[in-house]
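The values are calculated or read from the model by the stated rules, or taken from the named source; none is laboratory data. In this text, all values refer to a predicted model and were calculated from it rather than measured experimentally. So basically every Cβ, Gly included, is an ideal-geometry build from the backbone, and we count neighbours across all protein chains shown. Heads up: the accessible areas ignore ligands, DNA and RNA and are worked out on the full protein's heavy atoms, side chains in. Shrake-Rupley method; radii C 1.70, N 1.55, O 1.52, S 1.80 Å.
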Amino acid sequence: MTLFRLVPLVLLPLFLSACDERWGWRQKVTVTVETPEGERVGESVLAGSLRHSDGPLVVPEARGASSSLRGEAVVVEVGPGRYLFALLNGMPTPFPVFFPGEAPVEMADRLEDLRESREVPPELYPLLVTFDDMANPKTVRRVDPSDLAASFGPGVALTSVTLEITDEAVTEGRVEEVLGWLKQIWPNHLDGERYETIEATNRLANSLSANSFSTEIGK
């Protein structure tokens, strides 16, 4: 009787581990902007993770693959006091950039040895925003990646967005240096409301929160 009980207990962790696979990587996102005063560059290193769960002990709703990113948005000082932010909203992961059309789980092992940089196609760009008043989160405004001049003036254009697999440390604190109010508004949205609603007057500000700029706010 004792042996019968011990065997399942020993084998269960091995069985469960086979049902839950995880991978991790670090990625650097670099945004380059051309201005009348010259090139402006911003970059951020984020930690990515991919989890795949499957097997008879995993409920159907939890089966499959999911990915996440930890870190902060990219900040580019386009001009004195004028900033462009590439938000975590829509921030690309390596899989559609380096392995388009392939299943992430099948390509995940290749990230361990991959140390490459590749240009991100426009359809995979993260959400770009700026602020009319840097001190007022409610003045957030969407930036058209194909027309930065509309937001920043003549001669300003987005040159490229690149993604690189790297060993560098995750970037910290750059966004908070520019947006000192991030911790003050958390956990509310940029319009001051606690919850997102389609009835909001300022839909963009209502759809974004401090965690759109950094996953570490509020921790």
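At a glance:
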read-out	value
Top-ranked residue in region 80-111 [being open to solvent by 20 Å² or more (accessible area, probe 1.4 Å) and touching a residue at least 60 places away in the same chain (Cβ under 8 Å); ranked as nearest to Leu179 (Cα to Cα)]	Tyr83
Region 112-122 - residue that is over 30 Å from Phe152 (Cα atoms) and part of a loop (DSSP other than H, G, I, E, B) and, of those, most open to solvent (accessible area, probe 1.4 Å)	Asp113
Qualifying residue in region 139-146 (condition: under 21 Å from Pro36 (Cβ atoms), among the hydroxyl-bearing types (Ser, Thr, Tyr) and loosely packed, with under 12 Cβ neighbours inside 10 Å)	yes
Any pair with Cβ under 8 angstrom, 6 or more apart, that starts in region 195-207 at a residue that is open to solvent by 100 Å² or more (accessible area, probe 1.4 Å) and ends at one that is in a loop (DSSP other than H, G, I, E, B)	Thr201/Asp191
Residue ranges of strands (runs of 3 or more DSSP E) in region 127-210 with at least 1 members more than 19 Å from the chain's Cα centre (by Cα) and closer than 25 Å to Thr93 by Cα	157-165
Residue match in region 117-126 (condition: in contact with a Ser or Thr (Cβ under 7 Å, 6 or more places away or on another chain) and farther than 19 Å from Gly42 by Cβ)	no
